[in-house]
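Okay, structure first, notes after.
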Amino acid sequence: MKRNNSNEYGINIGSSTLIMIFALLCLVVFSLLAYKTALNEKNLALKISNETKAYYEADYKATKIKNKIENNITNGKSIASFVDYEKNRNGSNYIGYSVKIDENKKLSVELRRSGSNLKVVKWTEVNEASEDYNNKLDVWGGELGD
């Protein structure tokens, strides 16, 4: 009898090991990418949560200030300690104040006064961050220094 030592299917034992190593490597890389993505999503969710919490705390403070202004107007007391400005435009009195949300944002409120009634005209978030567009990027200009 003649014995044939060649493999009939053409697949060696070493190639199946290489395929398993490649598959395992792919699984490890994709699992690390998934972990990093989940970590980034968690950090973004925490940031948004903190910003939302800060906004609603400022909103609560602004509402309290509005109520104090209404009470002082009704009782004939001064509102100067609560407001940033009082203006008269087109025959209407406007009262404005702001509440700090964080180091870069504030909640700006403007009320229109008619008698002892107040109506909210503006209740907006204002960005106070200074944008410095003159940042110089050091790019090599093609000259070698001494």
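The values are calculated or read from the model by the stated rules, or taken from the named source; none is laboratory data. On a predicted model such as this, the values are computed, not experimentally measured, just so you know. Because the Cβ atoms are built from the backbone with ideal geometry, glycine has one as well, and the counts that use them run over all protein chains shown. Only protein heavy atoms, including side chains, enter the accessible area calculation; ligands, DNA and RNA are left aside. Shrake-Rupley method; radii C 1.70, N 1.55, O 1.52, S 1.80 Å.
List of remarks:
- Relative pair counts by distance (%), Cα atoms of the chain, 5 Å bins: 2, 7, 9, 10, 8, 7, 7, 6, 6, 6, 5, 5, 4, 4, 3, 3, 2, 2, 2, 1, 1, 1, 0, 0
- Over 20 Å between alpha carbons, listed pairs 66/100; 64/119; 42/100; 77/122: 42/100; 77/122
- For region 61-146, the list of GluC sites (Glu not before Pro) that fall in a loop by DSSP and count at most 13 other C-beta atoms within 10 angstrom reads 103, 128, 131, 143.
- In degrees, nearest ten, helix 13-75 long axis to first principal axis of the chain (Cα): 0
- Only protein heavy atoms count here; under a 1.4 Å probe, residue 19 has an accessible surface of about 110 Å².
- Of all aspartates and glutamates in the structure, the ones whose alpha carbon falls short of 20 Å from that of residue 87, not counting any fewer than 8 places away in one chain, are 70, 110.
- Fully extending the segment from residue 77 to residue 112 would add 10.8 nm, taking 0.36 nm per residue of separation and subtracting the current Cα-Cα distance.
- One chain, two ends: residue 140 and residue 47. Fully extended at 0.36 nm per residue, the span grows by 29.8 nm beyond their Cα-Cα distance.
- Applying a DSSP loop filter and a limit of 11 other Cβ atoms within 10 Å to the trypsin sites (Lys or Arg not before Pro) in region 39-146 leaves 136.
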